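Undergrad: Let me give you the structure first, and then I'll get to my questions.
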Amino acid sequence: MNETMQQKVAQQPGQFRPSLALYHANGKGTGGAIKMTLHPAHDDTDGCIMLTMANQLTIGDRRGPNPTFPRFDWDGRLTVKLDFTDLTEMLMVFRGERESIGDGKGLFHTTSQFTTSINLRHIVEPTNCYSLELFRTSREGQGESRARFILAPNEALGISLAIEKSFGVICFGIPMLVPHDTSKYRRETREARNAQAAA
């Protein structure tokens, strides 16, 4: 591997952020899309998963020679940071230990401008699925927005496993080898061994 190739390989980890996206469009225009992006812990910053949700914007039409695909309202998207507590609450629902997060009240994130509630519920009737919803209100009471996404059981299982496998880097970051000089220790050990042999 030449020097240029080594530099490219070295740059790749810093340029890549793992993410998962799911898209559900329907003929009523009431579908949605979600994107989950992993942010490992580093320095004094805790890790998290950033959750972004967007409602379906257009239905689209795949018939004819020039089909159009459904679009999602990414300009009006809602994004929330899922930290350690949020993710463990979600896992308890996915594992069947609870029917919903926050005992049915959801979890709340408050900033200087907005209050965002996160809701995840296991629904049994009429269809077995999971309902994930974000609801954001302005602290000044000037507006509100909502995004909802229905997860099939297999999607819920996949997201649950992805969250579980991500906890190592969310809690502790990405392990790195820290170079350290052991020459002093090896020299002292060698000198002690020589002194013992000479005695």
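Undergrad: So what's region 69-184 giving for Cα Rg divided by 2.2 N^0.38 Å, two decimals? Show your work: numbers first, answer last.
TA: Values: Rg = 18.5 Å, N = 116, 2.2 N^0.38 = 13.4 Å.
Taking N as the residue count of region 69-184, the ratio is 1.38.
Undergrad: Moving on. In the chain, if the dipole is taken from +1 on Lys/Arg beta carbons and -1 on Asp/Glu beta carbons about the Cα centre, which of His122, Ser183, Pro40 is farthest to the positive end?
TA: After comparing all options, I get Ser183.
Undergrad: If you fit an axis through the alpha-carbon atoms of helix 3-15 and take the longest principal axis of the Cα set of the chain, what angle between them do you get, 0 to 90°, nearest 10?
TA: It is inclined by approximately 50 degrees.
Undergrad: Right, next: Restrict the search to region 110-199; then list the trypsin sites (Lys or Arg not before Pro) that DSSP places in a loop and that have at most 12 other Cβ atoms within 10 Å of their Cβ.
TA: Working: sites: Arg121, Arg136, Arg139, Arg146, Arg148, Lys165, Lys184, Arg186, Arg187, Arg190, Arg193; in loops: Arg139.
Sparse-neighbourhood loop trypsin sites (Lys or Arg not before Pro): Arg139.
Undergrad: With every protein chain in place, what's the accessible area of His39 (1.4 Å probe, Å², nearest 10)?
TA: Counting only protein heavy atoms, the figure is 60 Å².
Undergrad: In addition: Return the single residue from Pro175, Pro126, Pro70 with maximal mean-square fluctuation; model: Gaussian network over the chain, springs between Cα atoms under 10 Å.
TA: Highest fluctuation of the listed residues: Pro126.
Undergrad: For Cα extents along the principal axes in Å, several values are listed as (1) 47, 35, 33; (2) 89, 48, 37; (3) 58, 28, 28; flag the one computed from this structure.
TA: (2)
Undergrad: Specify the angular offset, from 0 to 90 degrees and rounded to the nearest 10, of the alpha carbon long axis of helix 153-172 from the longest principal axis of the alpha carbons in the chain.
TA: In the chain, helix 153-172 runs at an angle near 30 degrees to the longest axis.
Undergrad: Averaging sequence separations of C-alpha pairs under 8 Å and six or more residues apart, then dividing by the length of region 84-154, give the relative contact order as a whole percent. Present the calculation step by step, with values, prior to reporting the outcome.
TA: Values: 120 pairs, mean separation 15.4, N = 71.
Contact order relative to length: 22 percent.
Undergrad: Work out how far the C-alpha atoms of region 23-86 reach from end to end along every principal axis, then list the three figures in whole Å, largest first.
TA: 55, 20, 17 Å, listed from the longest principal axis down.
Undergrad: Taking only DSSP H segments of four or more residues, each worth -39500 (n - 2.57), what value at 222 nm results for the chain once the sum is divided by all its residues, to the nearest 500 deg cm²/dmol?
TA: Working: 4 runs with 60 residues, N = 199.
Helices in the chain give a 222 nm mean residue ellipticity of -10000 deg cm²/dmol.
Undergrad: Taking 8 Å as the Cα distance limit and 6 or more residues as the minimum spacing, I'd like the relative contact order of region 62-199 as a percentage. Walk me through the numbers on the way to the answer.
TA: Values: 137 pairs, mean separation 20.6, N = 138.
15 percent.
Undergrad: At 10 °C and 1.306 mPa s, grab the translational diffusion coefficient of region 139-178 from Stokes-Einstein with a Kirkwood Rh over Cα pairs, rounded to a whole number in µm² per second. Walk me through the numbers before you get to the answer.
TA: Values: Rh = 13.8 Å.
Reported coefficient: 115 µm²/s.
Undergrad: Report the longest stretch of the chain that contains none of the GluC sites (Glu not before Pro) sitting in a DSSP loop with at most 11 other Cβ atoms within 10 Å. Intermediate results must be reported in sequence, preceding the final value.
TA: Details: sites that count: Glu97, Glu140.
No qualifying site falls inside 1-96, the longest such stretch.
Undergrad: Another one. Just want the answer: with Cβ charges of +1 for Lys and Arg and -1 for Asp and Glu, which residue in Pro67, Ala152, His109 is farthest toward the dipole's positive end in the chain?
TA: The one lying farthest along the dipole's positive direction is Pro67.
The values are calculated or read from the model by the stated rules, or taken from the named source; none is laboratory data. Every value quoted in this text rests on a predicted model; they were computed, and no experiment measured them. Because the Cβ atoms are built from the backbone with ideal geometry, glycine has one as well, and the counts that use them run over all protein chains shown. When the accessible area is computed, the model is the full protein with side chains, heavy atoms only, and any ligands, DNA or RNA have been set aside. Shrake-Rupley method; radii C 1.70, N 1.55, O 1.52, S 1.80 Å.
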